[in-house]
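Asker: Pasting a structure below so you can have a look.
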Amino acid sequence: MDAGYVYILTNPSFREDWVKIGKSSRPVDIRSKELDNTAVPLPFEIFATMKTVKYNEVEKLVHKTIDRLTDLRIRQNREFFNVAPQIALDIFKDIATTIDDAEVTIYENNMPITESGNKPSQRCREYKSREVRRGRFKFSMCNIKIGEMVTFVPTGCIVKVASDDSIEYEGRIYKLSPFVGTFMPEERRNPSGAYQGAKYFSYNGRILDDLRTELENKY
């Protein structure tokens with residue numbers, strides 16, 4: 001029997017404690033793109049996956065476990081839950097300890113960063129050493145205050161810093177990476193659809209990721 005995936009997806013247009021937990025016999029990045037339709041304003045983001053041949057049983061067990069906590073299912077016939085992504089991930093990890101072939105993978109910006117169960121792939125180890133150590137980008141890392149303006153380099157549009165990790169554009173709030181995925185010109189999109197947001201914005205002519213690296217090295 002071939003292995004499949006149980007996944008936790010988040011969406012920038014949802015509340016922070018809403019997740020979608022489902023299953024797929026194919027890689028989850030393909031499934032998340034299939035879910036990107038007119039029913040949701042922004043693309044889904046992969047938070048974590050569990051790969052196992054028992055993915056059908058695991059999905060049911062995860063749903064049942066969350067349902068036992070309290071009535072957290074947003075609609076009883078749907079895969080959406082009013083639960084923090086980290087709590088769902090903790091349930092994944094607990095279940096994985098009871099399954100021999102389970103591989104739990106955590107994602108950042110739709111890229112895998114860690115695995116448990118089996119030995120991490122070289123790609124995951126490299127990404128983890130490069131990105132997880134640094135953590136998610138915050139404007140305060142570059143001494144940029146709320147209310148200041150930054151530039152989305154691919155189009156030159158100016159956006160306002162709305163919080164330490166979000167921006168405001170045309171009256172709406174976005175995280176950096178989803179904004180890039182939404183407004184990146186078609187000819188400059190990458191096949192994976194995953195972007196590290198700080199690489200596409202500038203402040204006083206400096207790319208945010210470069211400015212962050214410079215300040216990290218300084219301190």
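Asker: Within the set of pairs 6+ apart or on separate chains, which have a first residue in region 163-185 that is free of Cβ contacts under 8 Å to residues at least 12 places away in the same chain, a second that is open to solvent by 50 Å² or more (accessible area, probe 1.4 Å), and C-beta atoms under 6 Å apart?
Answerer: Pairs that qualify, where the first residue is free of Cβ contacts under 8 Å to residues at least 12 places away in the same chain and the partner is open to solvent by 50 Å² or more (accessible area, probe 1.4 Å), are Ser166/Ile173; Ser166/Lys175; Glu168/Lys160.
Asker: Still on this structure: Filter region 82-112 for residues that are within 11 Å of the chain's Cα centre (by Cα) and either part of a loop (DSSP other than H, G, I, E, B) or among the β-branched types (Val, Ile, Thr) (or both) and give the result.
Answerer: Residues of region 82-112 within 11 Å of the chain's Cα centre (by Cα): 85, 106-112.
Answer for region 82-112, where residues must be within 11 Å of the chain's Cα centre (by Cα) and either part of a loop (DSSP other than H, G, I, E, B) or among the β-branched types (Val, Ile, Thr) (or both): Ile106, Asn109, Asn110.
Asker: Do any residues in region 197-219 that are touching a residue at least 40 places away in the same chain (Cβ under 8 Å) and under 19 Å from Phe179 (Cα atoms) have Cβ atoms under 6 Å from those of residues that are open to solvent by less than 80 Å² (accessible area, probe 1.4 Å) and of a type in the set (Val, Ile, Thr), where the two are at least six apart or on different chains, and which pairs are they?
Answerer: The qualifying pairs are Gly197/Val180; Tyr200/Val153; Tyr200/Val180; Phe201/Val150; Ser202/Thr151; Ser202/Val153; Tyr203/Ile144; Tyr203/Val150.
Asker: While we're looking at this one, here's another question. If you scan region 86-140, which residues turn out to be at pLDDT 85 or above, under 26 Å from Ala162 (Cβ atoms), buried (at least 20 other Cβ atoms within 10 Å of the Cβ) and not aromatic (Phe, Trp, Tyr)?
Answerer: Glu108
Asker: Looking only at region 186-210, how many residues end up being over 21 Å from the mean Cα position of the chain (by Cα) and open to solvent by less than 80 Å² (accessible area, probe 1.4 Å)?
Answerer: Of the residues in region 186-210, 4 are over 21 Å from the mean Cα position of the chain (by Cα) and open to solvent by less than 80 Å² (accessible area, probe 1.4 Å).
Asker: Moving on. Need pairs with beta-carbon distance below 8 Å; first residue at pLDDT below 85 and assigned to a helix (DSSP H, G or I) and within region 24-36, second open to solvent by less than 80 Å² (accessible area, probe 1.4 Å) and aromatic (Phe, Trp, Tyr); sequence gap 6+ or separate chains.
Answerer: Once the first residue is at pLDDT below 85 and assigned to a helix (DSSP H, G or I) and sits in region 24-36, its partners that are open to solvent by less than 80 Å² (accessible area, probe 1.4 Å) and aromatic (Phe, Trp, Tyr) give Arg31/Tyr5; Arg31/Tyr7; Ser32/Tyr7; Ser32/Phe44.
Asker: Among the polar types (S, T, N, Q) and at pLDDT 85 or above: does that describe Gln76?
Answerer: no
Asker: Between Val6, Val58, which is open to solvent by less than 60 Å² (accessible area, probe 1.4 Å), at pLDDT 90 or above and over 21 Å from the mean Cα position of the chain (by Cα)?
Answerer: Working: Val6 fails: over 21 Å from the mean Cα position of the chain (by Cα).
Being open to solvent by less than 60 Å² (accessible area, probe 1.4 Å), at pLDDT 90 or above and over 21 Å from the mean Cα position of the chain (by Cα) holds for just one of Val6, Val58, which is Val58.
Asker: Against the condition modelled with pLDDT under 95 and over 23 Å from Ser32 (Cα atoms), how does Gly193 come out, does it pass?
Answerer: Numbers: modelled with pLDDT under 95: yes; over 23 Å from Ser32 (Cα atoms): no.
Criteria not met by Gly193.
The values are calculated or read from the model by the stated rules, or taken from the named source; none is laboratory data. Nothing here was measured: the structure is a model prediction, and the numbers come from that model. Note that each Cβ is placed from the backbone with ideal geometry, even for glycine, and that neighbours are counted across all protein chains shown. Each accessible area value is taken on the protein alone, full model and side chains, heavy atoms only, with ligands, DNA and RNA left out. Shrake-Rupley method; radii C 1.70, N 1.55, O 1.52, S 1.80 Å.
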